[in-house]
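S.K.: Here it is: the structure, laid out below.
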Amino acid sequence: MTAHAKTREEVVQELDAMTERELDEKVEKIAVYARVSPENKIRIVKAWQRKGQIVSMTGDGVNDALALKAADIGCAMGITGTDVAKGAADMTLTDDNFATIVEAVREGRGIYANIRKVTGFLLGTNIGEVVLVFVAMLLWHKSPLMSMQLLWINLVTDSLPAIALGMEAVEPDVMNRKPRPKNESLFSHGLGIRVVLQGIMFGTLSLIAYWLGETQTVSVAGGQTMAFMVLAFSQVIHAFNMRSHRSVFKIGVFTNHNLNRAVLISAALVCLVLFTPLRTAFGLVLLPGKLYLQAAGLIIVPLLVMELSKAVGLVKE
């Protein structure tokens, strides 16, 4: 039998002859459609949607309008597109260059990834504060941090690094990742569990710091100073952990210049209330030298834990 190119009529008849069920079964196996009627364009879009996929449709003519409207994201051509197609679409491609769509998808994935990073960072650090205060009140019936100290931590070590994390550059492998289902949670791929575990880690480290400070200085203020220092600086260090699911040493420790500046400002503001006379207004005191060394050991723990977790594949994007 001699092979021949199918005519428009043959293509239309083949698609018309398919039931919705048959189209659903074959739609994932068909890579290219040609000379498709407007009615069948809508059928193809809806077949993919029934598979739970987010469907984008590009078009420029009047006969594309219905399919553009039916798709989750309709994209009309800005130069060659008709007014009807532009009106039915969700967005207009002003340069008619399909490479622009790829770049837009890349940027969109990068923005979504940064939202996850910022959300994970803020929730993890704040859960740590809740764990610290709650457990300390249960164990010792004392507040490990004063309200002014907690407020300073939230203002200084949470806000600036979180804003800088939102400016993280798009990761090189972002286009190699599979599309996300439309009903996928923001906390998917283990992010929710990691946030809770990170919060428990921050709370535990701060509790240890409080106990060390109070025991060795024989004062509540000493314990509060130690807990304040460890909680504040460990959160600042943790901002680097949240930059990527890959090791921070592989992506470059100082490649996010906005985060570098935010961390320097946050660290300086924490030091301002730790090592200047302003500390008396915050109920903080100077500590013996060995406590600062112990605090440094506790502060570096989140970096070590996260690097180990990434190395064994527990952190995924």
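Coordinate-derived values only; no laboratory data. Worth saying up front: this structure is predicted, and the values here are computed from it rather than measured. No Cβ is skipped: glycine too gets one built from the backbone with ideal geometry, and neighbour counts run over all protein chains shown.
S.K.: For K310, list the aspartates and glutamates whose Cα falls under 17 Å from its own Cα; do not include residues on the same chain fewer than 8 positions away.
M.R.: E171, D173
S.K.: Same structure again: For the stretch 57-72, what does the Karplus curve 6.51 cos²θ - 1.76 cosθ + 1.60, with θ = phi - 60°, yield as ³J(HN,Hα) per residue in whole Hz, taken in order and with x for Gly and Pro?
M.R.: 10, 10, x, 9, x, 4, 6, 8, 4, 5, 5, 4, 5, 6, 5, 5
S.K.: While we're on this one: Pop out the ³J(HN,Hα) list for the stretch 190-207 in order, Karplus 6.51 cos²θ - 1.76 cosθ + 1.60 with θ = phi - 60°, rounded to Hz; leave Gly and Pro as x.
M.R.: After applying 6.51 cos²θ - 1.76 cosθ + 1.60, I find x, 5, x, 5, 4, 4, 5, 5, 5, x, 4, 4, 4, x, 5, 4, 6, 5 Hz.
S.K.: Which entries of K290/K316; K46/K316; K26/K69; K182/K316; K142/K290 show an alpha-carbon separation above 29 angstrom in the structure shown?
M.R.: The answer is K290/K316; K46/K316.
S.K.: Can I get the semi-axes of the stretch 1-149's equivalent ellipsoid? Compute them from the C-alpha gyration tensor as square roots of 5 times the eigenvalues, in angstrom, largest first.
M.R.: Working: eigenvalues 545, 83, 32 Å².
Semi-axes (√(5λ), whole Å): 52, 20, 13.
S.K.: Then there is this: Expressed in nm to one decimal, what extension gain is obtained for the pair T80 and T204 from 0.36 nm per residue of sequence separation less their Cα-Cα distance?
M.R.: 38.5 nm
S.K.: Now, a different point. Per residue of the stretch 132-145, what does 6.51 cos²θ - 1.76 cosθ + 1.60 with θ = phi - 60° give for ³J(HN,Hα)? Whole Hz please, x for Gly and Pro, Karplus curve as stated.
M.R.: Each residue's phi maps through the Karplus curve to give 4, 5, 5, 5, 4, 5, 5, 7, 10, 6, 10, 7, x, 9 Hz.
S.K.: Let me ask you something else. If I take the Cα coordinates of the chain and project them onto the principal axes, what are the three extents in Å, biggest first?
M.R.: 93, 37, 32
S.K.: If you split all Cα-Cα distances of the stretch 148-283 into 5 Å bins from zero, what percentages do you get per bin, shortest first?
M.R.: Result, from short to long distances: 2, 9, 15, 18, 18, 14, 10, 7, 4, 2, 1, 0 percent.
S.K.: For an R0 of 22 angstrom, estimate the FRET efficiency from the Cβ-Cβ distance between I265 and V305 and round to the nearest 0.05.
M.R.: Efficiency for this residue pair is about 0.30.
S.K.: Give me the percent relative contact order of the chain, please, defined on Cα pairs under 8 angstrom at least 6 residues apart.
M.R.: This gives 15 percent for the chain.
S.K.: How big is the C-alpha Rg of the stretch 217-317 next to the rule-of-thumb value 2.2 N^0.38 Å, as a ratio?
M.R.: In units of the 2.2 N^0.38 Å rule of thumb, it is 1.23.
S.K.: In degrees, nearest 10, range 0 to 90: what is the angle between the Cα axis of helix 220-241 and the longest Cα principal axis of the chain?
M.R.: 30
S.K.: Can I ask one more? Excluding same-chain residues fewer than 8 positions from K178, which aspartates and glutamates have a Cα within less than 12 Å of its Cα?
M.R.: E317
S.K.: Report the full-extension gain for the segment K182 to T280: residue separation times 0.36 nm, less the Cα-Cα distance, to one decimal in nm.
M.R.: 30.1 nm
S.K.: If I stretch the segment between A296 and Y33 completely, what's the gain in nm (0.36 nm per residue apart, minus their alpha carbon distance), one decimal?
M.R.: Once the chain is fully extended between A296 and Y33, it gains 88.5 nm.
S.K.: Okay, next question. Label V196 and D96 with points 7 Å out from Cα along Cα→Cβ: what is the distance between them in nm?
M.R.: It is 5.4 nm.
S.K.: Can you work out the base-10 log of I(q)/I(0) for the stretch 118-207 at q = 0.16, 0.20, 0.22, 0.23 1/Å, using the Debye formula on its C-alpha atoms alone?
M.R.: Evaluating at q = 0.16, 0.20, 0.22, 0.23 Å⁻¹ gives log10 I(q)/I(0) of -0.77, -1.02, -1.14, -1.19.
S.K.: Just to be sure I understand: with springs between alpha-carbon atoms less than 10 Å apart, which residue in R106, R177, R116 has the highest mean-square fluctuation in the Gaussian network model of the chain?
M.R.: R177
S.K.: Moving to a separate point now. Could you check the spin-label model distance between V130 and R21? Points 7 Å from the Cα along Cα→Cβ, value in nm.
M.R.: In this crude label model, V130 to R21 measures out at 4.9 nm.
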